[in-house]
Amino acid sequence: MSDIGQDLLKHLTLERLEENLYRGESRDIGGPNLFGGQVLGQALFAASQTAEGRDAHSLHAYFLRPGDKTAPVVYEVERIRDGRSYATRRIVAIQRGKPIFNMSASFQRREEGIEHQFAMPEVPGPEGLPNMMELARQTLAETPEKLSRFLSWQWPIEFRPIQPIHPLHPEPRPPFRETWIRANAVLPDDPAVHKVLLAYASDFSLLGTAFLPHALTFSLGTIRAASLDHAMWFHRDFRMDDWLLYSMDSPSTSCGRGLSRGNLFSRDGKLVASVAQEGMIRKI
């Protein structure tokens, strides 16, 4: 396992304080606040520790306050229900005595059933595509210092966009994009680990899809944007140490909010997860 990948797994693995209570460390990845994907991943890890014998199949979360990237986060898990097939958990993330995030997650015992899925988009494979770090190096000379810290960060998740966007010179385009993603590590076989890492990675790029028709990016400094909620559904087993295609779209922006959605496909075309997120978007 690479040092970067090992560090990410350590980061998303929480300290158990007592039954149903966990603590996670925070990281500065170059943004102004705590990265939302960190809280998503850590909260799912906490809930998974209390749902033995079941796999996460969905989560629904709200970001309540900006998180402090310099302070640890405490996660309190409430065991709402344990049924024969399904279990429900409520998770609250707390910093300095105040909730910054809450989430409901549902877990299911494995069972067989009928199947269908959307087809995977026909796009180029990840081979030969530059990753985000390589693309970032092309713009660092004209990038403000705060943004360059984010772009030059050693990312534990590799992103290879099929339609790259220049962070400082965007052009209007339809609200659709695809990106190949994978963890920079060989991971253990535990399915829960792969779901925690995907929850972490799913927050990258998603809200930005709503900016595309308006030729906006976070880098321009002309907007204020923040995630308001985040939902995920896990359909089939997958590996985060193999390539997944993240196919995103944004059906609407209005009233200072934007909605973005995503489907994630394994390399062999299986739809493994779906995502939806609404975020605040304000011009400044």
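Read-outs throughout are calculated quantities, based only on the coordinates presented, and are distinct from any laboratory measurement. Predicted, not measured: the structure shown is a model, and the values here were computed from it. Counting neighbours? That spans all protein chains shown, and the Cβs are built from the backbone with ideal geometry, glycine included.
Quick one: angle between helix 36-48 and the longest Cα principal axis of the chain, in degrees between 0 and 90, rounded to 10, please.
20 degrees
So how strong a dipole does the chain carry about its Cα centre when Lys and Arg Cβ are +1 and Asp and Glu Cβ are -1, to the nearest 20 debye? Don't skip to the end; give the middle numbers.
Numbers: 33 positive and 34 negative charges, 185 e Å.
I would put it at about 880 debye.
In the chain, with Lys and Arg counted as +1 and Asp and Glu as -1 at Cβ, which of these residues, LEU228, ALA61, GLY256, has the Cα nearest the positive end of the dipole, that is, farthest along it?
Toward the positive end, the furthest listed residue is GLY256.
Identify which of THR70, THR88, THR209 has the largest mean-square fluctuation in a Gaussian network model of the chain, with springs joining Cα atoms closer than 10 Å.
Of THR70, THR88, THR209, the most mobile in the Gaussian network model is THR70.
Taking Cα extents along the principal axes in Å as the quantity of interest, determine which of (i) 54, 45, 42; (ii) 76, 45, 33; (iii) 76, 73, 35 was computed from the displayed structure.
Derived directly from the coordinates: (i).
At 222 nm, what value in deg cm²/dmol follows for the chain if DSSP H runs of at least 4 each add -39500 (n - 2.57) and the sum is divided by all its residues, to the nearest 500?
On the way: 5 runs with 47 residues, N = 284.
-4500 deg cm²/dmol, from helical runs alone.
What is the total of Lys pairs in the chain with C-alpha atoms under 20 Å apart, excluding same-chain pairs fewer than 8 positions apart?
Details: LYS10/LYS69; LYS10/LYS195; LYS69/LYS98; LYS69/LYS146; LYS146/LYS283; LYS195/LYS270.
Value for the chain: 6.
In percent, how large is the relative contact order of the chain, given Cα pairs closer than 8 Å and 6 or more residues apart? Don't jump to the answer; show the numbers that get you there.
Numbers: 621 pairs, mean separation 52.9, N = 284.
Rounded, it is 19 percent for the chain.
Cα axis of helix 3-12 to longest principal axis of the chain: angle in degrees, 0 to 90, nearest 10?
With rounding to tens, the tilt is 50 degrees.
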